[in-house]
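Data block below; observations after.
The values are calculated or read from the model by the stated rules, or taken from the named source; none is laboratory data. Since the structure is predicted, the reported quantities are computational estimates derived from the model, not experimental observations. All Cβ positions, glycine included, derive from the backbone under ideal geometry; neighbour counts span all protein chains shown. Note: accessible area is taken over every heavy atom of the protein model, side chains too, but ligands, DNA and RNA are not part of it. Shrake-Rupley method; radii C 1.70, N 1.55, O 1.52, S 1.80 Å.
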Amino acid sequence: MGVGNGGINNFTMLIGIVLSPWQVPYCGNFTVFPGTHHKIFKAIQSMGHDNFVAGYRDPRPPMDVEPVQIIAQPGDVVFAHPLLPHRAGPNYSCNIRYACFFRIHRIDKAQTKRNFSDLFLEYEGIKALGNPMQ
């Protein structure tokens with residue numbers, strides 16, 4: 001989850017295309033903190049966007065969740081919610097980790113940028129399934 005100059009929620013989805021094999025952990029794998037986007041969403045709702053961003057800057061708070069290194073092959077695609085904390089894992093292999101990431105935006109993103117009323121506001125297909133965390 002990037003906390004840039006514009007705060008958070010600056011894009012609709014992070015999409016990563018794997019270009020080198022991540023067959024085992026510690027080869028630069030895309031790493032996520034599962035479920036933390038729900039916790040972050042609740043924190044933003046209770047604290048407000050600006051207060052949350054001010055408190056999230058370095059040093060960043062602990063995630064209280066074990067990170068998961070994604071195992072993937074070239075050509076695999078990773079989709080991540082913009083509030084999901086992520087990073088590149090350490091690379092102890094002898095190979096360079098290659099990937100290409102895109103931050104995509106919905107056409108109406110400017111209207112929802114600071115709207116934290118619904119974690120899946122911009123995902124009609126997921127909203128239609130109901131909230132699995134309720």
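Residues that are at pLDDT 85 or above and basic (Lys, Arg): does the stretch 46-62 have at least one?
no
Output the residues belonging to the stretch 28-54 that are under 16 Å from the mean Cα position of the chain (by Cα), of a type outside the set (Phe, Trp, Tyr) and open to solvent by 20 Å² or more (accessible area, probe 1.4 Å).
Pro34, Gly35, His37, His38, Lys39, Lys42, Ala43
Show the residue pairs that are 6+ apart or on different chains and have beta-carbon atoms under 9 Å apart, the first residue being within the stretch 1-29 and farther than 30 Å from Cys94 by Cα and in a loop (DSSP other than H, G, I, E, B), the second being among the hydroxyl-bearing types (Ser, Thr, Tyr) and at pLDDT below 90.
Pairs that qualify, where the first residue is farther than 30 Å from Cys94 by Cα and in a loop (DSSP other than H, G, I, E, B) and the partner is among the hydroxyl-bearing types (Ser, Thr, Tyr) and at pLDDT below 90, are Val3/Tyr56; Ile8/Tyr56; Asn9/Thr112; Thr12/Thr112; Thr12/Tyr123.
What are the residue pairs meeting all of these: first residue in the stretch 49-63, first residue more than 17 Å from Leu119 (Cβ to Cβ) and in a loop (DSSP other than H, G, I, E, B), second residue at pLDDT 75 or above and of a type in the set (Lys, Arg), Cβ atoms under 7 Å, and 6 or more apart or on different chains?
Within 7 Å, no pair qualifies.
Name every residue in the stretch 15-27 that is open to solvent by less than 10 Å² (accessible area, probe 1.4 Å) and under 16 Å from Pro85 (Cα atoms), in order of residue number.
Answer for the stretch 15-27, where residues must be open to solvent by less than 10 Å² (accessible area, probe 1.4 Å) and under 16 Å from Pro85 (Cα atoms): just Gly16.
Read through the list (1) buried (at least 17 other Cβ atoms within 10 Å of the Cβ); (2) at pLDDT 80 or above, then give the number of the only condition that Arg103 fails.
(1)
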